[in-house]
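So the structure is just underneath, and the comments pick up after that.
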Amino acid sequence: MSAPTAQADRLLSPEDRAFWEENGYVIIRNAVPQENVDAVIDAIWDFLEVDRNEPEAWYKAPVSRAGMLEMYHHQALWNNRQHPTVYQAFADIWQTDELWVSFDRANMNPPARKPDWDYEGMYHWDIDTSLDPIPFMVQGVLYLADTPADGGGFQCTPGMHRRFPEWVKTQPADRHPRLPDPTGLAIQTIPGNAGDLLIWHSMLPHGNSRNRSTKPRLAQYITMFPPRGEEERAYRIQAWQELLPPKGKAFPGDPRGWERQHYSAPQLTPLGEKLLGLTPW
């Protein structure tokens, strides 16, 4: 479950690296400029087809109760995925330059002021923790708005990536490999500012927190990983060209087909072409 170590960090400071090793997450402040943040926020409200200044409109489809938005290929999302600072942060964590980027979604988690929308988050792992060995993976979230501790943002149990081998010995044999019993886990909500990128070790149980503020939580999920097989590369290129969701039941896609109706394949930089798999490393 430990990260590979093959090259010197180019973005993370020694303090960042030590914090990552201890806590299992790290925050890169101001990873993208404000204009990038604003562009994704505009894309989110366009996708939702609602007035961002009308709170009553925040609580209806296509927003889900968890706030996940089935949008994957807007140019603004890709501009952040292929931003050099975002890429270098993941390259430092992975200790390799050769990475692909995910087609992750955006999130709009509205304030918990309606009974049917009082979402407290699903505390979970996105990796099967019954595997032996458990593969090293990371995930990331880009804050699109200043998000205080009560603002419905990211929460996790820092350091769980180190403590898991001992913790799991205390759990029943039939425990759920993706849904930990939160009893005794020190769950912390991690505040951040617009433009900050938080990367976490996939062995940290995590989720969105309850939004007790008066503003929506806005975020873009981004992660990177080493290139995989030719079949996956071919689908990634097809998905980019045809504005398709990633494979897997976790990404059902937007039933309206909104992206395919409103824009074409996003433009990629030379770095973006490599992160997609269109051109080789």
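If only one of Pro182, Pro205, Pro172 is at pLDDT 95 or above and surrounded by fewer than 13 Cβ atoms within 10 Å (Cβ to Cβ), which one is it?
Working: Pro182 fails: at pLDDT 95 or above; Pro205 fails: surrounded by fewer than 13 Cβ atoms within 10 Å (Cβ to Cβ).
Answer to the selection: Pro172.
A single entry from Ala91, Ala31, Ala106 fulfils the requirement of being surrounded by fewer than 21 Cβ atoms within 10 Å (Cβ to Cβ) and not acidic (Asp, Glu): Ala91.
Starting from the range 46-62, keep only residues that are closer than 12 Å to Lys215 by Cα, then list their pairs with residues that are loosely packed, with under 15 Cβ neighbours inside 10 Å and modelled with pLDDT under 90 whose Cβ atoms are within a distance under 9 Å, requiring at least 6 positions of separation or different chains. Qualifying pairs under 9 Å: Pro55/Arg113. Within this structure, Arg65 fails the test of being in contact (Cβ under 8 Å) with a residue 60 or more places away in the chain and of a type in the set (Lys, Arg).
I want to confirm something. Restricting to the range 168-194 and keeping residues that are assigned to a loop (DSSP other than H, G, I, E, B) and touching a strand residue (DSSP E or B) at 6+ places or on another chain (Cβ under 7 Å), which single residue is farthest from Met224 (Cα to Cα)? Across the range 168-194, the extreme among qualifying residues is Ile187. Among the residues of the range 214-264, those identified as of a type outside the set (S, T, N, Q), more than 20 Å from Ala61 (Cα to Cα) and in contact with a Leu (Cβ under 7 Å, 6 or more places away or on another chain) are Ile222, Met224, Phe225, Pro226, Arg236, Ile237, Trp240. Considering the range 201-281, the qualifying helices (runs of 4 or more DSSP H), each wholly inside and each with 3 or more residues that are touching a helix residue (DSSP H, G or I) at 6+ places or on another chain (Cβ under 9 Å) and farther than 20 Å from Gly67 by Cα, run over 230-242, 270-276.
Screening Arg210 with (1) modelled with pLDDT under 95; (2) touching a Leu at 6+ places or on another chain (Cβ under 9 Å); (3) under 25 Å from Thr129 (Cβ atoms) gives one miss only, at (2). Looking at (1) closer than 22 Å to Thr214 by Cα; (2) within 21 Å of the chain's Cα centre (by Cα); (3) not basic (Lys, Arg), which one does Asn30 not meet, given that it meets all the others? Condition not satisfied by Asn30: (1).
For the range 121-167, taking the residues that are within 16 Å of Pro191 (Cβ to Cβ), assigned to a strand (DSSP E or B) and aliphatic (A, V, I, L, M), the one that is farthest from the chain's Cα centre (by Cα) is identified as Leu142. Scanning the range 25-52 for residues that are within 21 Å of Leu11 (Cβ to Cβ) and of a type in the set (Phe, Trp, Tyr) yields one hit, Tyr25. Kindly evaluate Pro177 against the criterion of being closer than 30 Å to Arg17 by Cβ and surrounded by 12 or more Cβ atoms within 10 Å (Cβ to Cβ). In short, yes. Filtering the range 201-235 to residues that are under 18 Å from Gly151 (Cβ atoms) and not small (Gly, Ala, Ser) leaves His206, Asn208, Arg210, Asn211, Arg212, Thr214, Lys215, Pro216, Arg217, Leu218, Gln220, Tyr221.
The values are calculated or read from the model by the stated rules, or taken from the named source; none is laboratory data. This one's a predicted model, so the numbers in the text were calculated from it and none came from an experiment. Backbone-built Cβ (ideal geometry, glycine too); neighbour counts: all protein chains shown.
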